[in-house]
1. From the residues in region 144-180 that are of a type in the set (Gly, Ala, Ser) and assigned to a strand (DSSP E or B), which one is nearest to Tyr300 (Cα to Cα)?
2. Against the definition (over 25 Å from the mean Cα position of the chain (by Cα), surrounded by fewer than 21 Cβ atoms within 10 Å (Cβ to Cβ), farther than 30 Å from Ala251 by Cα and among the hydroxyl-bearing types (Ser, Thr, Tyr)), how does Ser99 come out, yes or no?
3. Does Gly106 satisfy being in a loop (DSSP other than H, G, I, E, B), surrounded by fewer than 22 Cβ atoms within 10 Å (Cβ to Cβ), at pLDDT below 90 and of a type outside the set (Asp, Glu)?
4. When both residues are 6+ apart or on different chains and their Cβ atoms are under 8 Å apart, which pairs have a first residue that lies in region 155-169 and is farther than 17 Å from Gln45 by Cα and of a type in the set (D, E, K, R), and a second that is open to solvent by 30 Å² or more (accessible area, probe 1.4 Å) and part of a strand (DSSP E or B)?
5. Assess whether Ser197 counts as being in contact with a Gly (Cβ under 7 Å, 6 or more places away or on another chain) and either polar (S, T, N, Q) or without any contact (Cβ under 8 Å) to a residue 40 or more places away in the chain (or both).
6. Report yes if Gly277 is in contact with a helix residue (DSSP H, G or I) (Cβ under 9 Å, 6 or more places away or on another chain) and either in a strand (DSSP E or B) or within 26 Å of Cys208 (Cα to Cα) (or both), otherwise no.
7. Scan (1) assigned to a helix (DSSP H, G or I); (2) open to solvent by less than 20 Å² (accessible area, probe 1.4 Å); (3) over 30 Å from Thr54 (Cβ atoms) for the single condition Leu218 breaks and write down its number.
8. Tell me, yes or no, whether region 305-325 has at least one residue that is assigned to a strand (DSSP E or B) and over 25 Å from Gly209 (Cβ atoms).
Amino acid sequence: MKMKYLMLCGALFLGTAALTSCSEDESYDVYGYDYTRAYFNVAKQTTNGMIVSTPVGLVTSLDAKVVVKTTSAATSDTKVALAIDNSVVDEYNKEHGTSYLPVPDGALELSSNVVSMKAGELVTEDTVDVKINEEVAKNMNSSDGYLAAVVIASADNGVRPSSNAAITYIHLGYSESCINDDATELLGRACNLSDVSSVWTCLSATGCGLDKSGFSSLFESYSWYRRWKFSSKEPKAEFVVDLGDTHKIFAFNFSCGVMKGATVSISTDNSSWTTLGNTAEHKPFSVRDGWDTISWYVLYSSMSARYVKVSIDLDMNHSDWEWMQYGYASIDGFNLAYAD
């Protein structure tokens, strides 16, 4: 089953800024010639897109729009041909210190390969969208990322492509994720902490003086008292929870005021683990709960789990460590949303 989500990732609208003077753009050749040149208004820039492999299929994002301009008004209706060029990768990598792979043929598609310019105009009447072909993208799984370029290939009526302002780059990154950064609702049912307090048990706890018996403090009625306090300052901490039975997990929340991020993993046997993601690398969906705002990390689809492992990277420079004896350095939130 394939699920599409539009995700804004480094959106760049090509062709929207104006070239104001020759002095500001002296590295381009669009001016100073006795013939008309076609160019991209924002040339030689890189638009970023993403290919994300999820438990429910591929999710892609790319927001790239191309507009062509000319250095003087067209004397008659003019056609400008565009193309995808992936032969530029080696040169680009050398210039930028990157290691991108060429985008495979067919992975990027233009909404139109030819744009039109009316006589007397300086801008083409067509805006071209660059899209990702998801069938081809299924085989693109390199963490190095991919690069291609949109180029002005040719034009008629005496118009010529600019020698260096007729190219703009498309970069596609790749990642694997279980967390939907664009979630608009909390899927599943948030667990009532009082209901699970006698069911969930902490199997182990390490780092920052955590004792597994202190896990029960996370089920207190009032949020201020819902704190599993640290008793020593350390860079990492970890705990494992047995949910008492196998459930389908749709989301999780975890909060700790002195953390950089927490990696949450799940298992059905307490042996083989699947990483859901690190909170520092994802965007939560916020839900109001009384006076509190709960940040939920929503999964693309439900995943089976009986055991949950949370590995925490702590910020050793956080000021709350100075008030550790009062409970300011602590874990103060942990919950799951079940699909059942």
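The values are calculated or read from the model by the stated rules, or taken from the named source; none is laboratory data. Predicted, not measured: the structure shown is a model, and the values here were computed from it. Using ideal geometry, Cβ is built from the backbone for each residue, glycine included, and neighbour counts are taken over all protein chains shown. All accessible areas refer to the heavy atoms of the entire protein, side chains included, with ligands and DNA or RNA removed. Shrake-Rupley method; radii C 1.70, N 1.55, O 1.52, S 1.80 Å.
1. Ranking the qualifying residues of region 144-180, first place goes to Ser175.
2. no
3. No, not satisfied.
4. Asp156/Lys79
5. Against the criterion (in contact with a Gly (Cβ under 7 Å, 6 or more places away or on another chain) and either polar (S, T, N, Q) or without any contact (Cβ under 8 Å) to a residue 40 or more places away in the chain (or both)), Ser197 does not qualify.
6. no
7. Among (1) assigned to a helix (DSSP H, G or I); (2) open to solvent by less than 20 Å² (accessible area, probe 1.4 Å); (3) over 30 Å from Thr54 (Cβ atoms), Leu218 violates only (3).
8. yes
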